[in-house]
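Novice: One structure coming up, written as C-alpha cells, with questions to follow.
The values are calculated or read from the model by the stated rules, or taken from the named source; none is laboratory data. Keep in mind the model is a prediction, meaning the values are calculated, not measured. So basically every Cβ, Gly included, is an ideal-geometry build from the backbone, and we count neighbours across all protein chains shown.
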Amino acid sequence: MNPLRPLERLAAESPPLTFDAADAFVAAPGWGLLVLSGDAAQRPEAQDLAVVAQELKGRAPQGSRVGVVTDADEARVKAYFQVPALPALLVLRDGKVLSRIPKLQEWAVYSRAADVLWGARRTAPAPEVTP
C-alpha cells in the first residue's frame, strides 16, 4: 500500500513545475489543470484540492494534463497568474487560463466549472471564484 498523501501522490504523478515550466505548461495546447497548493502543513485543505484535481482530470477530455507548481516557485507563479489565494486550481486551455478557483470550494463549484468548460451541460461562462 502506498502511504503517500493525496498531494504527494498528485505531485509524483505530475510534472513538478518551476516558474518557467509553469508558463510553458499553461502555453501548451489542449486542456490542463494547474495546482498551486501552498504549504500543505499550513493549508491542510491542499490535500483536498489534490483529490479534486484528480477527480476533475478523470472528467476532463482525453489528453488533459495536471501540473503541480513547486513550493520554491509558487509565489512567483501565484503573482504572475494573478491567483488571489492558495490553495488554488487553474483551468487551462490552449495557452489561456479559463478559470481561477482560489481556496477550497464546495464540490458544486468544481463540478459546474467542469460542466461549463468541458461542454457537459451548460453554456454560461466558467465561474471566476474570488475569496
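Novice: Of the residues that make up the range 45-59, is at least one farther than 18 Å from residue 110 by Cα and of a type outside the set (D, E, K, R)?
Specialist: Taking every residue of the range 45-59 in turn, none turns out to be farther than 18 Å from residue 110 by Cα and of a type outside the set (D, E, K, R).
Novice: Checking residue 76 against (1) surrounded by 14 or more Cβ atoms within 10 Å (Cβ to Cβ); (2) in contact (Cβ under 8 Å) with a residue 60 or more places away in the chain; (3) of a type in the set (D, E, K, R), only one condition comes out false. Which one?
Specialist: If we test residue 76 against (1) surrounded by 14 or more Cβ atoms within 10 Å (Cβ to Cβ); (2) in contact (Cβ under 8 Å) with a residue 60 or more places away in the chain; (3) of a type in the set (D, E, K, R), just (2) comes out false.
Novice: So, one more: Please work out if residue 93 is within 23 Å of residue 117 (Cα to Cα) and modelled with pLDDT under 95.
Specialist: Against the criterion (within 23 Å of residue 117 (Cα to Cα) and modelled with pLDDT under 95), residue 93 qualifies.
Novice: Would you mind finding the one in 66, 77 that is of a type in the set (Val, Ile, Thr) and outside any helix (DSSP H, G or I)?
Specialist: 66
Novice: So, one more: So which pairs qualify, if the first residue must be in the range 54-71 and free of Cβ contacts under 8 Å to residues at least 40 places away in the same chain, the second must be assigned to a loop (DSSP other than H, G, I, E, B) and loosely packed, with under 14 Cβ neighbours inside 10 Å, the Cβ gap must be under 8 Å, and the two must be at least 6 apart or on different chains?
Specialist: Taking only residues 6 or more apart or on different chains, the pairs are 71/39.
Novice: Say we look at the range 79-113 and pick out the residues that are among the polar types (S, T, N, Q) and either in contact with a Leu (Cβ under 6 Å, 6 or more places away or on another chain) or in contact (Cβ under 8 Å) with a residue 12 or more places away in the chain (or both); which of these is surrounded by the most Cβ atoms within 10 Å (Cβ to Cβ)? Write out each step before concluding.
Specialist: Kept after step one, since they are among the polar types (S, T, N, Q), are these residues of the range 79-113: 82, 99, 105, 111.
Pick out the ones that are also either in contact with a Leu (Cβ under 6 Å, 6 or more places away or on another chain) or in contact (Cβ under 8 Å) with a residue 12 or more places away in the chain (or both) and you get 82, 99, 105.
Numbers: 82: 9, 99: 21, 105: 18.
Among residues in the range 79-113 that are among the polar types (S, T, N, Q) and either in contact with a Leu (Cβ under 6 Å, 6 or more places away or on another chain) or in contact (Cβ under 8 Å) with a residue 12 or more places away in the chain (or both), the one surrounded by the most Cβ atoms within 10 Å (Cβ to Cβ) is 99.
Novice: Suppose we keep only residues that are assigned to a helix (DSSP H, G or I) and in contact (Cβ under 8 Å) with a residue 40 or more places away in the chain within the range 9-20. Which one would you say is surrounded by the fewest Cβ atoms within 10 Å (Cβ to Cβ)?
Specialist: Within the range 9-20, the match that is surrounded by the fewest Cβ atoms within 10 Å (Cβ to Cβ) is 13.
Novice: Is one or more of the residues making up the range 28-49 under 16 Å from residue 14 (Cα atoms), β-branched (Val, Ile, Thr) and not in a helix (DSSP H, G or I)?
Specialist: yes
Novice: Can you name the residue in the range 40-51 that is surrounded by fewer than 22 Cβ atoms within 10 Å (Cβ to Cβ) and touching a helix residue (DSSP H, G or I) at 6+ places or on another chain (Cβ under 7 Å) and, of all such residues, is nearest to residue 75 (Cα to Cα)?
Specialist: Once the filter is applied, the top-ranked residue is 40.
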